[in-house]
Amino acid sequence: TTGGSACPQQHVLENVKKPLIYTEDCLHLNVWMPQNSPKSNVLVWIHGGGFNFGTASYDIYTGSVLSAKTGFVVVSFNYRIGMLGFLNANSPDAPGNQGLLDQNLALKWVRDNIEAFGGDPSMVTIFGESAGGMSVHSHVLSPMSEGLFKRAVMMSGSMYTIDFFESAHESIIKGNKVAQLVGCADANRDLVSHPDEALQCLRSKKADELVLATTEVSDPAIFTFLPTYHDKFFPKVPTVAIDRGFFHDVEILTGVTTDEAALSILFPLTLELLKESLGDLAQDKFDHAIRKSVLSWTKSGVTSLLPEYMDRVAPGDEEGLRRAYIDYVSDRAFNCPGQFLAEKHSAR
């Protein structure tokens, strides 16, 4: 069998993966089961992609080998991403966190049905990478997901970071920009003044139109729409919930890899930082390239620690400049949040 279609998104990885086929009818779930192994442990994979890209249908995510090697039942699924998955307009029609609610529904399906596939619903481990790891951590925090799993593995991602969640106000601002581009908002009507009308108009647009408009308003950030808080899924700001110990009593495993943010030079492609000789680049252009790349992966306006990394580099050490940039984004978005997460959970 083949995986189902991906959810609507920008085609950002066509150069390294086969072209995506996407449709709004994308909420598919995949199950791999070992032979003759009743009541197996269950592994549920949540794909990454910054909450704006990705799919469980990538060939690299097939669970067949993992199931055969471990004897476990393996599950993966799609969830809505980007504007369709995370626009929060303070409306029942766009409450925010639709993508996380999709995941929650998939976990409930596993609880209710996995026994028919030879899985043990009391022995479920959820695991994911990057935004998939952040999603896993989100379920550890959310009261809606309590009791749906026993263990959680967060690979290169946690919600103990300000860069991958936002307020409903921030979400609406970006939603209005998209709405304006597709003719659903103007001076007399937008997601604040007339949310029902604006959302009805947005629903009438093709997914391709919304994806293209989202791409146009995202610069410099590439992860445009993100999880939001103060709703039924996230009653509290994620970092506050972690600090106060509002998370489920489950076994967790978390970790990072070397050079977490190396991809940020290629995604989005930052040609200035790939030059063989950075010395040929004027200082102001280099500074601009560095900051633009940082702001593509982190929330705007918060780069105060960046000079601490760049100033350590000896004059003429061009590879050191690239290394300092990668270290900064790695520490900020992945390494430090992962370390703090482990400390908070182990201290309870």
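Coordinate-derived values only; no laboratory data. Just so it is clear, the structure is predicted and the values come from calculations on it, not from any experiment. A quick note on method: Cβ atoms are made from the backbone with ideal geometry, for glycine too, and the neighbour counts reach across all protein chains shown.
Numbers at a glance
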item	result
For the stretch 312-348 versus the stretch 184-199, the gap between their alpha-carbon centres in whole angstrom	41 Å
Sequence of Cys336, Cys184 once ranked by neighbouring C-beta atoms within 10 Å, starting from the fewest	Cys336, Cys184
Members of Lys232/Lys344; Lys177/Lys205; Lys69/Lys150; Lys174/Lys236; Lys108/Lys150; Lys150/Lys232 lying beyond 19 Å, as alpha-carbon distances in this model show	Lys232/Lys344; Lys69/Lys150; Lys174/Lys236; Lys150/Lys232
Under 5 Å, built H, 5+ apart or other chain: amide partners of Gly157	Ser130, Gly255
Model label zone, Ile173; criterion: amide N under 20 Å from point 7 Å along Cα-to-beta-carbon; scope the stretch 224-238	224-231, 237-238
Cα lying deepest toward the dipole's positive end in the stretch 1-255, options Tyr229, Gly183, Ser64, charges on Cβ	Ser64
Cut-off under 5 Å, modelled amide H: who pairs with Asn52 long-range	Gly82
Cα gyration tensor, the stretch 20-161 - rounded (a/c under 1.5), prolate or oblate	prolate
Contour excess over end-to-end distance, with Cα ends at Arg312 and Glu343 and 0.36 nm allotted per residue	8.4 nm
Quotient of C-alpha Rg and 2.2 N^0.38 Å, computed over the stretch 144-224	1.40
Ile46 long-range amide H proximity, modeled H, under 5 Å	Phe127, Gly128, Glu129
Label-reachable residues, the stretch 24-61, where backbone N falls under 16 Å from a point 7 Å from Lys205's Cα toward its Cβ	24
Centre separation in Å (Cα based) which lies between the stretch 45-107 and the stretch 229-255	19 Å
Share of Cα-Cα pairs in the stretch 88-154 lying beyond 19 Å, as whole percent	36 percent
Ile126, Ile242 arranged by Cβ crowding within 10 Å, fewest neighbours leading	Ile242, Ile126
Correct option for Cα extents along the principal axes in Å [calculated from the coordinates] among [x] 71, 53, 35; [y] 63, 47, 41; [z] 64, 52, 43	[z]
Net charge dipole size for the chain [Lys, Arg +1 and Asp, Glu -1 on Cβ; Debye, nearest 20]	800 debye
Within the chain, percent of DSSP bridges classed antiparallel, to nearest 5	25 percent
Listed residues Leu27, Ile81, Thr55: farthest to the positive end of the dipole of the chain (Cβ charges)	Leu27
Residue-averaged [θ]222 nm for the chain, counting only DSSP H segments that reach four residues, each worth -39500 (n - 2.57)	-11000 deg cm²/dmol
